[in-house]
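The values are calculated or read from the model by the stated rules, or taken from the named source; none is laboratory data. These numbers were taken from a predicted model, which means no experiment stands behind them. Reconstructed Cβ throughout: ideal geometry from the backbone, glycine too, with neighbour counts over all protein chains shown. All accessible areas refer to the heavy atoms of the entire protein, side chains included, with ligands and DNA or RNA removed. Shrake-Rupley method; radii C 1.70, N 1.55, O 1.52, S 1.80 Å.
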Amino acid sequence: MTAQIAERLLYEGSEHAMCTNPLDDYFAMAGHRPPFGSPSTALWRGYVGRWEIVNDRLYLVGLSGTLEDGSEVTQASIFPDFPERAFAHWYTGSVRVPQGKQLKYVHMGYGSTFERDLLLTIDRGVVVSTEIQNNGEADDSQGQEGYGVGAMLIYPTKGRSTHRAQKDTDEGLL
Amino acid sequence: MNYLYGWLGAGALTLVVVLGAHLMSAERKSESIQDILEAINPERRKLSYRVLNDVVAPALAGILIVIAWPIALLVKVKEWVRPDDKDKRRDQIEKQFSVDSSHLKERLSVQEIERREMVIDPLHAAPALPFGHLHNTWCTLIEGLTSESELWSFSAIWECGWGARELREGYVVVRDGVPGAFLMTVWTQLENKK
């Protein structure tokens, strides 16, 4: 599994790579996930979300992706009444923002390590604490700063199947 | 000898079929995504990586298909006949979690739960309704309530297949003492909690 393209986070006036996928939790809790296409092994989830912290609250402010049938997915597709800003009240957990130079590349998920991790602890969409975790110093002073990947990308995919979003009520998970 | 030629011939034919199917279904690699992949892993820019990735690996895969063509054919036919299998397997893994009686915390009414779970956002970026963006999921849950149904809050520590421990909380419909359909309000890895 290839290292994955990160989500984007607007935080304290600048944009960062965010190695956490709060929208996956939303799909799981809602009991249905649109059938995103995976345009590359670097984007298995099939979308890139753009997030923002405003007044200690986590918001989704943009989404770009494609379904398996090639149709485009935007934030309005997921949150029709909130096409520009959706409060991520469903999310509880940690948000990881890697900083500094890469210490170790891991060819899987968000497994690569960086000099620092900014960790935002979120409780139902609200930031309750922030912490910088130091992971060490890179030997290579010329190395690349930050995660260095990801943007608001749209990758058209060829149609392979039709939209199959459905509620999983029969399995108990609503 | 003829048998060997026949076997390898069938393998070559399978290779052509598999390759054709791959070319027809594969998405064209976008240049921007190549740039991103190279940014993630600078090794990809090296000639040795490219030779390994673009020449050696495909050649080995091709040889393997020619030799063990029945397996390749079986995999391809399975993909064509039942393309949804992979999704189903993934869904089954997702759905292993279920609420049991030991997870139950407190019996509550619909009104009590809706009061607790009202979402108010100062930027009006969520429906001002119980469970906010998950309101429809809540409605679906309570649609199925009968006079015998009870609603309970639950809290469970769930161990995933790969060893991670998660905290899962929410509300569940209980009938005859047996928890059934549920809605989660918290789903988080415990390792991430400070």
Seminar exercise, completed: Contact list, first residue from the range B:74-103 and open to solvent by less than 100 Å² (accessible area, probe 1.4 Å), second anywhere and modelled with pLDDT of 75 or more, beta-carbon distance below 6 Å, six or more apart or interchain, is B:LYS76/B:VAL18; B:PHE97/B:TRP158; B:VAL99/B:PHE154; B:VAL99/B:VAL172; B:VAL99/B:PRO179; B:VAL99/B:PHE182; B:HIS103/B:PHE154; B:HIS103/B:ALA156
Problem set entry | Out of B:ARG115, B:ARG175, B:ARG165, sole residue that is in contact with a helix residue (DSSP H, G or I) (Cβ under 6 Å, 6 or more places away or on another chain), more than 9 Å from every other protein chain (Cβ to nearest Cβ) and open to solvent by 10 Å² or more (accessible area, probe 1.4 Å) | B:ARG165
Exercise. Under 8 Å by Cβ, and 6 or more places apart or on different chains, what pairs join a residue from the range A:69-89 that is touching a residue at least 12 places away in the same chain (Cβ under 8 Å) and surrounded by fewer than 20 Cβ atoms within 10 Å (Cβ to Cβ) with one that is part of a loop (DSSP other than H, G, I, E, B) and charged (D, E, K, R)?
Worked result: A:ASP69/A:ARG160; A:GLY70/A:LYS158
Problem set entry | Answer residue from the range A:45-58, given it is touching a residue at least 40 places away in the same chain (Cβ under 8 Å) and not hydrophobic (A, V, I, L, M, F, W, C) and is farthest from A:GLU84 (Cα to Cα) among those | A:ARG45
For this session: Filter the range B:118-157 down to the residues that are among the β-branched types (Val, Ile, Thr) and more than 11 Å from chain A (Cβ to nearest Cβ), then identify the one that is most open to solvent (accessible area, probe 1.4 Å).
Result: B:ILE157
Problem set entry | Where a residue in the range B:104-121 is closer than 23 Å to A:TYR59 by Cα and its partner, wherever it lies, is among the β-branched types (Val, Ile, Thr), with Cβ under 9 Å and at least six apart | B:GLU117/B:THR185
Exercise. In the range A:27-40, how many are of a type in the set (Ser, Thr, Tyr) and more than 7 Å from every other protein chain (Cβ to nearest Cβ)?
Worked result: 1
